[in-house]
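Shown next, in structure tokens, is the structure this report addresses.
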Amino acid sequence: MTRLVRLREELRQRRHHPAFRISAPVWTEQQCRQIEALLAQAQAATPTPPPDPVAQAAPDEPVTVTPAQPDETALATAATNLWRAERKLTPPGERPSPRDRQAARYLRTCSEALADAGLVLQDHDGDAFNPGRALEVLVYQENPALTAETVLETVRPSVYLHGRLVQMGQVIVGTPSQSPDGGNDNA
């Protein structure tokens with residue numbers, strides 16, 4: 001180290017209170033050689049990382065990197081909670097506040113981004129129900145106003161990732177009231 005560099009270091013330390021000054025170590029030539037030998041041993045003992053396909057590819061060749069597979073359960077849970085937040089934000093019949101409208105806009109943007117990435121939510125409210133559908137029915141409720149089995153409420157939406165079902169929807173199904181003789185009231 002030159003005298004000028006050492007002088008700069010000392011002056012830099014003098015700006016601080018004496019209790020907080022750091023004195024730079026002074027290494028002898030033998031200590032410097034020992035440090036260099038230890039560093040060389042450490043570098044030799046460190047395993048080399050696997051080769052980077054991007055760095056090894058020729059400039060004209062396209063590089064194919066396979067993306068990591070997303071955790072489908074975590075994506076379905078996040079999308080379901082986003083769906084629930086959208087539904088709870090403004091109850092039907094109420095006028096949303098400016099803050100609620102802004103939050104709804106953010107949630108809608110998140111939903112659109114997930115849809116662009118291939119994650120689609122399906123709400124089943126009002127859909128006709130038949131037993132062959134991939135839905136988990138939590139409750140059947142009789143409703144005299146209905147003429148056919150209909151989904152009254154979606155408790156959890158169905159979630160599809162790139163067209164493949166990753167979360168089965170949970171619904172409450174309304175059934176038409178049955179007359180005492182076993183037939184339909186509307187018959």
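Determine, from the Cβ-Cβ distance of ALA113 and ALA45 and an R0 of 45 Å, the FRET efficiency 1/(1 + (r/R0)^6), rounded to the nearest 0.05. Computed FRET efficiency for ALA113 and ALA45 comes out at 0.50. Model label sites at THR2 and GLU136, defined 7 Å from Cα along the beta-carbon direction, differ in position by 7.4 nm. Note on ARG101 and VAL166: the extension gain reaches 20.4 nm, defined as 0.36 nm multiplied by sequence separation minus the Cα-Cα distance. Between the range 111-169 and the range 16-44, the alpha-carbon centres lie 67 Å apart.
Quick check: residue separation of ARG84 and CYS32 times 0.36 nm, minus the Cα distance between them. What number comes out in nm?
12.3 nm
Laboratory data are not the source of any read-out in this text; all were calculated from the coordinates shown. Predicted model, so just to flag it, every value in this text is computed and none were measured. When we count neighbours, we look across all protein chains shown, and the Cβ atoms used for this are built from the backbone with ideal geometry, even at glycine.
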